[in-house]
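Everything on this sheet refers to the single structure shown next.
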Amino acid sequence: MAHILIIDDSPTETYKLTTILEKNGYSVDAADTGEKGLALAKASRPDLILMDVVMPGLNGFQATRQLSKAPETNNIPVVIVSTKDQDTDKVWGMRQGARAYLVKPVKEAQLLKTISEALA
């Protein structure tokens, strides 16, 4: 069973993602800020991270960049899950080190397929 870390400041979005993931056999942790997410990623070493972009403090692009540069977390795939849907946002997210970029609201099948591909 893969361990997934959700970094998102929306309790509703975190609940939705957690429900989908746990129903499909994943174990889930969550952080509601980029800073807490970085600390939790370094401490728990999840198999994959679902990252929101728009958060107070450290945003998802900044957190993804830090995760992809840190030796202890650079092998953890990051999938950005955001309401930001412009092509420039997607390109920028991938340049920060994300493996994939999904736009909210995410359909369950698309989320699970993206996670499976990122973990492969």
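Just so it is clear, none of the values below were taken in a lab; they were calculated from the coordinates. Here the structure is a predicted model, which means the values were calculated and not measured. As a convention, Cβ positions derive from the backbone with ideal geometry for all residues, glycine included, and neighbour counts pool all protein chains shown.
Only the Cβ atoms of Lys and Arg (+1) and of Asp and Glu (-1) were treated as charged; on that basis the dipole of the chain about its Cα centre amounts to roughly 280 debye.
Counting only Cα atoms, I'd like the Rg/Rh figure for the chain, Kirkwood definition for Rh.
Details: Rg = 12.6 Å, Rh = 13.8 Å.
Radius of gyration over Kirkwood radius for the chain works out to 0.91.
Quick one: net charge of Ser27's neighbours, Cβ under 15 Å, K/R +1, D/E -1?
Working: positive: Lys23, Arg45; negative: Glu22, Asp29, Asp47.
Within the 15 Å Cβ shell, the charges total -1.
Across segment 30-45, computed HN-Hα scalar couplings (Karplus, 6.51 cos²θ - 1.76 cosθ + 1.60, θ = phi - 60°) run 9, 9, 9, 9, x, 5, 5, x, 4, 4, 5, 4, 5, 6, 9, 6 Hz from first to last residue, x flagging Gly and Pro.
So for each of 109-118, 82-91, 54-63 I average, over its residues, the number of other beta carbons within 10 Å; can you give me the resulting order with the highest mean first?
Details: 109-118: 15.4, 82-91: 13.8, 54-63: 18.6.
Going from most to least packed, we get 54-63, 109-118, 82-91.
Over segment 50-96, what is the relative contact order in whole percent, taking alpha-carbon pairs under 8 Å and six or more residues apart? So the answer I get is 46 percent.
The local environment of Ala98, defined by Cβ-Cβ distances under 11 Å, has a net charge of +3 under the rule Lys, Arg +1 and Asp, Glu -1.
With a sphere of radius 15 Å drawn around the Cβ of Met1, what net charge do the other residues whose Cβ falls strictly inside it have (Lys, Arg +1; Asp, Glu -1)? That works out to -1.
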